[in-house]
Amino acid sequence: MTNVIEIQNLRKSFGSHEVLRDVNFNVKKGEVVCLIGSSGSGKSTLLRCINLLEKPSGGNIIYKGENILDKKHNIEKYRTHLGMVFQQFNLFNNLDVLNNCVVGQQKVLKRNKQESTDKAMKFLEVVGMAQYKNAKPRQLSGGQKQRVAIARALAMDPDVMLFDEPTSALDPEMVGEVLKVIRLLAEQGNTMLIVTHEMEFAREVADRIVFMDQGVIVEEGQPEHVLVNPKHERTKEFLKRTLR
Ligand code: ADP
Ligand code: MG
């Protein structure tokens, strides 16, 4: 399988604080990778470096064979190939559900009204939010907002979806509906990199688990290996704390 994204020797420091230290991994087409690790280990920074919300201090990000950190590379264009879902939804509060899913398609991808509306409705159906197309974000629950945010990202036809703890800001009773949508996307063959604290979910949905600690990848592999029979002491410690 081909790599959609390849991270090589990635480093990121804030001042003298080295947050990512020589991170290497890849995401292959159709693969679901779950990134786990303690709070503060650098997971969000890694995702933010991948979509260039943060500028890496060193290393390479290879997207479909091209280093996007090369000066000549078109960063705006690259970003349109990544679908990002944040912990805090980040919907446009002044726009209704449908327009949240349409505006990026029209502004960035220059799609016309008909095409962008059709796309938006298609993915609002997928996440079970089509009947709320005229609602404003403030009228929705957290779980519903997050499902709209997922539809909005999918409507851009991304090559890879990046999720940063998509259920961490939700009331417990809404976690299930969002995880169900992500499971469906996994079954449909979407390429996804998911930061999550939901270990049971990660075990079910991931083709590969990547465990990060203090800015390095300590261990990665199939869920049965990393979550059930971890090799490294730091992975064992983390799982002991998390699963307790
Ligand atoms: P995680 O998502 O795994 O909880 P983060 O990537 O958010 O971890 O943070 C890793 C470390 O980087 C933390 O110590 C955090 O305080 C620091 N950090 C993150 N963003 C910034 C920033 N913009 N400026 C300074 N330090 C930051
Ligand atoms: Mg984080």
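The values are calculated or read from the model by the stated rules, or taken from the named source; none is laboratory data. Keep in mind it's a predicted model, so treat the numbers as computed, not measured. Cβ: placed from backbone, ideal geometry, glycine included. Neighbour counts: every protein chain shown. All accessible areas refer to the heavy atoms of the entire protein, side chains included, with ligands and DNA or RNA removed. Shrake-Rupley method; radii C 1.70, N 1.55, O 1.52, S 1.80 Å.
Results, tabulated for the structure shown:
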item	result
Given (1) open to solvent by less than 40 Å² (accessible area, probe 1.4 Å); (2) of a type in the set (A, V, I, L, M, F, W, C); (3) free of Cβ contacts under 8 Å to residues at least 24 places away in the same chain, index of the condition ILE75 fails	(1)
Qualifying positions in the stretch 31-53 - open to solvent by 40 Å² or more (accessible area, probe 1.4 Å), more than 25 Å from ARG203 (Cβ to Cβ) and outside any helix (DSSP H, G or I)	LEU53
Residue count for the stretch 3-19, restricted to those that are among the small types (Gly, Ala, Ser) and open to solvent by less than 50 Å² (accessible area, probe 1.4 Å)	1
Identity of the residue in the stretch 130-151, open to solvent by 40 Å² or more (accessible area, probe 1.4 Å) and of a type in the set (D, E, K, R), that ends up farthest from ligand 2 (Cβ to nearest atom)	LYS133
Considering residues of the stretch 156-195 that are assigned to a loop (DSSP other than H, G, I, E, B) and in contact with a strand residue (DSSP E or B) (Cβ under 7 Å, 6 or more places away or on another chain) only, the residue farthest from ILE36 (Cα to Cα)	MET156
Qualifying position, being in a loop (DSSP other than H, G, I, E, B) and either away from ligand 2 (no atom under 16 Å from the Cβ) or loosely packed, with under 14 Cβ neighbours inside 10 Å (or both), among ASP70, ASP22	ASP70
Hits in the stretch 54-67 (condition: of a type in the set (Gly, Ala, Ser), open to solvent by 50 Å² or more (accessible area, probe 1.4 Å) and within 16 Å of ligand 1 (Cβ to nearest atom))	SER57
VAL218, sole failed condition from (1) out of contact with any Leu (no Cβ under 7 Å at 6 or more places or on another chain); (2) under 27 Å from GLU187 (Cβ atoms); (3) aliphatic (A, V, I, L, M); (4) open to solvent by 20 Å² or more (accessible area, probe 1.4 Å)	(2)
Qualifying position, being without any contact (Cβ under 8 Å) to a residue 60 or more places away in the chain, in a loop (DSSP other than H, G, I, E, B) and under 24 Å from LYS77 (Cα atoms), among LYS119, LYS110	LYS110
Looking only at the stretch 196-213, and only at residues there that are in a strand (DSSP E or B) and touching a Lys or Arg at 6+ places or on another chain (Cβ under 7 Å), the one that is farthest from THR80 (Cα to Cα)	ASP213
Residue that is modelled with the lowest pLDDT [pool: residues in the stretch 54-67 that are part of a strand (DSSP E or B) and touching a His at 6+ places or on another chain (Cβ under 9 Å)]	GLU66
Residue in the stretch 176-197 that is nearest to GLY40 (Cα to Cα), counting only those that are more than 15 Å from ligand 1 (Cβ to nearest atom), open to solvent by 20 Å² or more (accessible area, probe 1.4 Å) and of a type outside the set (Lys, Arg)	GLY176
Filter result for LEU47 (in contact with a helix residue (DSSP H, G or I) (Cβ under 6 Å, 6 or more places away or on another chain) and either more than 19 Å from PRO166 (Cβ to Cβ) or within 16 Å of ligand 2 (Cβ to nearest atom) (or both))	no
